[in-house]
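Structure first, commentary second.
What follows is calculated from the coordinates using simple rules that are stated; it is not laboratory data. Keep in mind that this is a model prediction, so the values were computed, not measured. Note that each Cβ is placed from the backbone with ideal geometry, even for glycine, and that neighbours are counted across all protein chains shown.
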């Protein structure tokens, strides 16, 4: 691939390319609702020629509270993702938290995701890279954007040439994240496509006393700003009924509202590319 681009699930992602979208529920709550979301997204992506990868986590290993829902686990989660991939035709991705999870996830998923909190874990990065699959690594909320070059270097040294870097905000005191849109062109200088995580960027860590809060009303403005700043893709977590979601409901986009937002971002990307 050309400098600054990556090949992901048959899509070219990077400068000059159409937007890549990664979307789905925060966690696999059960097969029924996960399939409902995937089928809705698949139909929308087909009918509007949208480049979309379906995302859902099999285990939320970094929940604030011990008592929070984590998910179905590795084996059952991958079984569900495999069935969804087969039935909808969508590429799929999920996140890993331990090196031993990389190989089984790589056998099912088209893209492996590394959580922001774990972005400096060398053994985890190496294991993901050695699967041969593209890797989407989110910038830690504690890292400067220019320091992501060392994370990318770890992945590339282990054989991964298709790397995406996610921007999901930076700690601003307690229980608050902010986005510095300068991070997007800075991350491009590392030579990788940049994915903007629009829903985790509005998360308020620990704000609800043992659970994270969020402000979903800010998702659309931040997503538009990120695309205007040159983001090559946008990550959304979505749910038919976010207020009933078992994880990250306050910052999720209602599923029915997502198509209109994606179409707006596609049009904005076209304008940005035509006005370099």
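Quick notes on this structure:
- Beta bridges by DSSP in the chain, antiparallel share as percent, to the nearest 5: 20
- Rounded FRET efficiency, nearest 0.05, which uses the C-beta distance separating residue 272 from residue 30 and R0 of 51 Å: 0.85
- Mean Cα-pair separation over length for segment 197-266, i.e. relative contact order, pairs under 8 Å, 6 or more apart, %: 33
- Three-way shape label, segment 135-276, alpha-carbon gyration tensor, a/c 1.5: oblate
- You can think of it this way: the chain between residue 46 and residue 189 has 48.2 nm of extra reach, that is 0.36 nm per residue less the Cα-Cα gap.
- Overall form of segment 76-219: oblate. Here a/c, set by the Cα gyration tensor axes a ≥ b ≥ c, is 1.5 or more, and a/b is not larger than b/c.
- Label point distance in nm, residue 142-residue 181, each placed 7 Å from Cα along Cα→Cβ: 2.9
- Averaging the sequence gap over all C-alpha pairs within less than 8 Å and six or more residues apart, then dividing by the number of residues, gives segment 6-274 a relative contact order of 18 percent.
- Value of [θ]222 nm, deg cm²/dmol, for the chain, DSSP H segments ≥ 4, -39500 (n - 2.57) each, nearest 500: -10000 deg cm²/dmol
- The alpha carbon gyration tensor of the chain gives principal lengths a ≥ b ≥ c with a/c below 1.5, which makes the shape rounded.
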